[in-house]
1. When segment 86-114 is examined, which residues are found to be in contact with a Gly (Cβ under 8 Å, 6 or more places away or on another chain) and assigned to a helix (DSSP H, G or I)?
2. So, Ala230, is that one out of contact with any Asp or Glu (no Cβ under 8 Å at 6 or more places or on another chain) and in a strand (DSSP E or B) or not?
3. In the set Cys87, Cys79, which member is within 30 Å of Asp187 (Cα to Cα), at pLDDT below 95 and not aliphatic (A, V, I, L, M)?
4. In segment 6-33, which residue that is aliphatic (A, V, I, L, M) and out of contact with any strand residue (DSSP E or B) (no Cβ under 7 Å at 6 or more places or on another chain) is nearest to Ala66 (Cα to Cα)?
5. Taking Leu25 as the residue in question, decide whether it is crowded, with 17+ Cβ neighbours inside 10 Å, in contact with a Ser or Thr (Cβ under 7 Å, 6 or more places away or on another chain) and in contact (Cβ under 8 Å) with a residue 24 or more places away in the chain.
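The values are calculated or read from the model by the stated rules, or taken from the named source; none is laboratory data. Computed from a predicted model, the values in this text were never measured in an experiment. For neighbour counting, all protein chains shown are included, and Cβ atoms are generated from backbone atoms with ideal geometry for every residue, glycine included.
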Amino acid sequence: MRWVTYDAGDGARTGLLDGDSVRGLAAGVSLVALLGDDGEALAEAGGTARRDPAEVRALDDVRLLAPIPRPPSVRDGLCFLEHLRGCYRALGRPAELPDVWSQTPAFYFANPAAVVGPYDDVPIAPGSRLFDLELEIGAVVGRGGRDLHPDTAEDHVVGFTFFNDWTARDHQMRDMAQGIGMGKGKDSAITLGPALVTVDELEAHRGERGWTFEVSATVNDRRLAKGSLADMDWSFGELLAFLSRGTDLRPGDVIGSGTVPGGCLLEHVDVPDPTAWTGWLQPGDVVALASDALGETRQVVRPAPPVTPLRTGF
């Protein structure tokens, strides 16, 4: 099933994507409300959408929102270590990673209020001159759990969607210098969509080491990167098991895979000083993520809103 959240002019609704149309459920039914321990509510809703939808709309006549517009929480992992090596190389640092990166998967808590839809315009983060995209896949938790086992944790994933972790690299540099984790560098926008594609829809893309579907990113229709979940160094099962240690994962939580290698502009910086590089996103640029398995997002970058200084001289 391919679930979407859409607006046809009378507020957000949940529907099932069916070719060039959306088969909508009754008003007031959210996708998160259909997730839970047994999956029966989602399956029943899918049957209702197919047999007796509350409405049927042409896809061109609706605005697709993020499938989970306000997740209970958003965590972003770093499961492709080659992405980190690529960033290190671009910054002139040794690409050999310390042992800590092979001990546990890294992650940070992201901002659920920053979630935007798959075709929404994205303003550059206020005050940023080094604005970037990140090609990622988001796993959506369907069945909650705590202290999950890495061999079975992925059974708690109901499906996948694109996850574009827009990043202000100059703000991120300041965040890292302050040393308490990600802050304003990762706070402006997170794209989810276009649909939540359930795992049963993706069985053809399951291999011995996990999911194998390919994803790509373009800027102004020029390919930036292409990759596959098969290249993950940490699996989603391992990531969810680590995230759930001593705490609860809840239905609707969104877990980012981390960036597919090459899937951000930072990895393509080719000058010693990243602040002097001219390839960062600019107003009017069009960023698209695409996959035969997940669909496509397509967004226009817009100018940053003005910044009010916190103090004179800053």
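1. Result: Gly86, single match.
2. no
3. Cys87
4. Val32
5. yes
Here's the yes/no breakdown for (1) closer than 29 Å to Thr212 by Cα; (2) more than 16 Å from the chain's Cα centre (by Cα); (3) of a type in the set (Val, Ile, Thr):
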site	(1), (2), (3)
Ile255	yes, no, yes
Gly258	yes, no, no
Pro261	yes, no, no
Asp273	no, yes, no
Gly279	no, yes, no
Ser291	yes, no, no
Gly295	yes, no, no
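Conditions tested, residue by residue: (1) closer than 14 Å to Leu196 by Cβ; (2) of a type in the set (A, V, I, L, M).
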residue	(1), (2)
Val22	yes, yes
Ala26	no, yes
Asp37	no, no
Ala45	yes, yes
Thr48	no, no
Val56	no, yes
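Per-residue answers, yes or no, for (1) closer than 16 Å to Pro261 by Cα; (2) out of contact with any strand residue (DSSP E or B) (no Cβ under 7 Å at 6 or more places or on another chain):
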| residue | (1), (2) |
| --- | --- |
| Leu84 | yes, no |
| Ala90 | yes, yes |
| Pro94 | no, yes |
| Asp99 | no, yes |
| Tyr108 | no, no |
| Pro112 | no, no |
